[in-house]
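Participant: Below is one structure. I have some questions about it.
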Amino acid sequence: QVQLVESGGGLVQPGGSLRLSCAASGSIFSINAMGWYRQAPGKQRELVATITSGGTTIYAGSVKGRFTISRDNVKNTVYLQMNSLKPEDTAVYYCNARTTSSGYWGQGTQVTVSS
């Protein structure tokens, strides 16, 4: 089992920045990749960014160049640095951890981009 705890969401003006954090605990040795997904009201959950244990990253086209995913293997934490935020980035952001057999989700953190 893997437990994920997210933090760092909030309200920010367009053009602003936020950093999300996701701390993993439990069977962390089994994690192959971690990532961030988001779900806006009335929409399906979508991939934002992922990072493998080897450091390979994947970004959604809508956030490429604005968001950066990184991980601290000592702290077992993955981060999402979000810059140049837009109103369309408003969503609940979920942390995800993937093992060879299972996927795990955090509880979600709200990000609201509004003036």
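Only the coordinates and a few stated rules stand behind these numbers; no lab work does. Note that the structure is predicted; figures quoted are calculated from it, not measured. Cβ sites come from the backbone with ideal geometry, for glycine too, and all protein chains shown count toward neighbours.
Participant: Using a Gaussian network for the chain with springs between C-alpha atoms less than 10 Å apart, which of these wobbles most: 11, 85, 47?
Facilitator: 11
Participant: Karplus couplings for segment 84-99 from phi (6.51 cos²θ - 1.76 cosθ + 1.60, θ = phi - 60°), rounded to Hz, Gly and Pro as x?
Facilitator: Working through the residues one at a time gives 6, 5, 10, x, 6, 7, 4, 4, 8, 9, 10, 8, 10, 10, 10, 10 Hz.
Participant: Let me ask something additional. Run down the aspartates and glutamates and flag those whose C-alpha is under 20 Å from the C-alpha of residue 64, throwing out any fewer than 8 positions away in its chain.
Facilitator: 46, 88, 89
Participant: A further question follows. Quote the charge dipole size of the chain about the Cα centre in Debye, to the nearest 20; the model charges only the Cβ of Lys and Arg (+1) and of Asp and Glu (-1).
Facilitator: Using Cβ point charges on Lys, Arg, Asp and Glu, the chain gives about 120 debye.
Participant: Residue 108: net charge of surrounding residues, Cβ under 11 Å, Lys/Arg +1, Asp/Glu -1, itself excluded?
Facilitator: Net local charge, residue 108 excluded: +1.
Participant: On the first, second and third principal axes, largest extent first, how far apart are the outermost C-alpha atoms of the chain in Å?
Facilitator: Computed over the Cα atoms, the extents are 42, 26, 22 Å.
Participant: Something else: For segment 24-65, run through the trypsin sites (Lys or Arg not before Pro) and keep only the ones in DSSP coil with at most 16 other Cβ atoms within 10 Å of their Cβ.
Facilitator: When the trypsin sites (Lys or Arg not before Pro) of segment 24-65 are filtered for loop state and at most 16 Cβ neighbours within 10 Å, 43, 45, 64 remain.
Participant: Of the peptides 50-62, 19-31, how do they stack up when ordered by the mean number of other Cβ atoms within 10 Å, highest first?
Facilitator: Going from most to least packed, we get 19-31, 50-62.
Participant: Report the extension gain between residue 40 and residue 25 in nm, rounded to one decimal, defined as 0.36 nm multiplied by the number of residues separating them, less their alpha carbon distance.
Facilitator: 2.7 nm
Participant: In nanometres, what is the gap between the two model label sites at residue 114 and residue 73, each 7 Å from Cα along Cα-to-Cβ?
Facilitator: Using points 7 Å along Cα→Cβ, the separation is 4.2 nm.
Participant: To continue, here is another question. Among 17, 40, 57, which residue has its Cα positioned farthest towards the positive end of the charge dipole of the chain, with +1 placed on the Cβ of Lys and Arg, -1 on the Cβ of Asp and Glu, and the dipole taken about the Cα centre?
Facilitator: Result: 57.
Participant: In debye to the nearest 20, how big a dipole does segment 56-115 give about its Cα centre with +1 on each Lys and Arg Cβ and -1 on each Asp and Glu Cβ?
Facilitator: So the dipole magnitude of segment 56-115 works out to roughly 140 debye.
Participant: Let me ask something additional. Spin-label point model (7 Å from Cα, Cβ direction): what's the residue 83 to residue 7 distance in nm?
Facilitator: The modelled label-to-label distance comes out at 2.4 nm.
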